[in-house]
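For reference, the structure discussed in these notes is given below.
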Amino acid sequence: GAGVSQSPRYKVAKRGQDVALRCDPISGHVSLFWYQQALGQGPEFLTYFQNEAQLDKSGLPSDRFFAERPEGSVSTLKIQRTQQEDSAVYLCASSLQGSTDTQYFGPGTRLTVL
Amino acid sequence: GENVEQHPSTLSVQEGDSAVIKCTYSDSASNYFPWYKQELGKRPQLIIDIRSNVGEKKDQRIAVTLNKTAKHFSLHITETQPEDSAVYFCAADEDTGGFKTIFGAGTRLFVKA
């Protein structure tokens, strides 16, 4: 079946622009996670959804970051007024239920802020 | 919160040799320890995981051991092949109700033919 997909795969933004990153999880997966992966580092947790409920957003670096999953499937991560330090790969993952079930990652969106 | 440390950061082995990657974690309440492989420019993929009720798990050339008392776990790859070259991440769940996975910084494994 189809895996997790993300779009766009690459995004270049000028500093100060807003961006929106999309994640399509595996159908039927209750849990959806967003991670930020800096070059040469492991994924860092940003936020977690269980269906449409955002149960944990403790990893979001600032109030410029906002995520939603309004119908419990597709999710969007929005970054307002992008800064150079936001440059990273943004990974989305989904699982059947929670972080102790296998997480299936998307290919990521590489964001470059100039 | 949970903190996961991983070493070495880089590991180079000859084809056919074994490779061992070690991780430590800080939260004694963590129960789930997955390992991911990430090839250059690709997504992380789960290769093996272990839960706190077992001490060892094996899948063909890959094995993971867990020592809950010492709070460390290790990945063992035997008979390494060039296609094993990748970055490997260990991780642990943070016991906040099943939401967070905390990743190590990664080990870049080179398998020389």
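Quick look at the numbers
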read-out: Sequence-distant aspartates and glutamates (8 or more away, or on other chains) whose Cα lies within less than 17 Å of residue B:58; value: B:49, B:79, B:84
read-out: Solvent-accessible area per residue, Å², over chain A with all protein chains present [probe radius 1.4 Å]; value: 48 Å²
read-out: Relative contact order of segment A:9-69, defined on C-alpha pairs under 8 angstrom at six or more residues apart (%); value: 21 percent
read-out: Local net charge near residue A:9, Cβ-Cβ under 15 Å (Lys/Arg +1, Asp/Glu -1); value: +4
read-out: Across B:22/B:100; B:71/B:112; A:57/A:78, pairs whose alpha-carbon gap is larger than 25 Å; value: B:71/B:112
read-out: Sparse-neighbourhood loop sites, trypsin sites (Lys or Arg not before Pro) in segment A:45-114 - DSSP loop, at most 13 other Cβ within 10 angstrom; value: A:81
read-out: Around residue A:20: net Lys/Arg minus Asp/Glu count, Cβ-Cβ under 12 Å; value: +1
read-out: For chain A: relative contact order, % (alpha-carbon pairs under 8 angstrom, 6 or more apart); value: 37 percent
read-out: Relative contact order for chain B, counting Cα pairs under 8 Å that sit 6 or more residues apart, in percent; value: 37 percent
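The values are calculated or read from the model by the stated rules, or taken from the named source; none is laboratory data. Everything quoted here is computed from the prediction, not taken from an experiment. All Cβ positions, glycine included, derive from the backbone under ideal geometry; neighbour counts span all protein chains shown. SASA here: full protein model, heavy atoms, side chains in, ligands and nucleic acids out. Shrake-Rupley method; radii C 1.70, N 1.55, O 1.52, S 1.80 Å.
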